[in-house]
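One structure is given below, encoded as structure tokens.
The values are calculated or read from the model by the stated rules, or taken from the named source; none is laboratory data. None of the values given here were measured: they were computed from a predicted structure. Positions of Cβ are backbone-derived with ideal geometry, glycine not excepted, and every protein chain shown enters the neighbour counts.
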Amino acid sequence: MSEQSDFTIGSTVKLFGLSSAQYNGLTGTILSGPNDKGRYEVDLVVVNDHALEEHKFVSFKPDNMRVIAVEVKEEPESPSKIPRCDPGISPDTFLPSGPVLEVKPKAKAKAEGGSYRSGGADTGGSYRNAAK
């Protein structure tokens, strides 16, 4: 059982031990409480199939809730934190060194009897025939 002091507005809780079994195992966020009956109002996620999320507002006793840790989604870096290139560096600095591969234009490949997928005139057909 979680300590009563753990139940603060905004805490994420998981439900258990309820006579209304459909709520057992569901998670929600505490909205308010405790009320005069000692219950906390919880924004409960009852359906979550990534395309639809359904919420229900229900009150629960602390004995049926457990505070859980929430995974924190990493925020994308702000543009000010993204490293920038030194304006004095030439774009050629980032080109790979080594042999340069020759790329045939598509029109030339077709004129030689095939496309890049067919293996060209040397294989005489499609890529399926290349292994034969």
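Counting only residues that are in contact with a strand residue (DSSP E or B) (Cβ under 6 Å, 6 or more places away or on another chain) and either surrounded by 12 or more Cβ atoms within 10 Å (Cβ to Cβ) or closer than 15 Å to SER11 by Cα (or both), the range 46-56 holds 3 of them. Give just the number: which of (1) in contact (Cβ under 8 Å) with a residue 60 or more places away in the chain; (2) in a loop (DSSP other than H, G, I, E, B); (3) of a type outside the set (Ser, Thr, Tyr) does LYS37 not satisfy? Condition (1) is where LYS37 drops out. Against the definition (surrounded by fewer than 10 Cβ atoms within 10 Å (Cβ to Cβ), modelled with pLDDT of 90 or more and of a type in the set (Asp, Glu)), how does ASP63 come out, yes or no? Answer is no for this residue. So HIS55 fits all but one of (1) under 26 Å from the mean Cα position of the chain (by Cα); (2) not in a strand (DSSP E or B); what number is the exception? Of (1) under 26 Å from the mean Cα position of the chain (by Cα); (2) not in a strand (DSSP E or B), only one is false for HIS55: (2).
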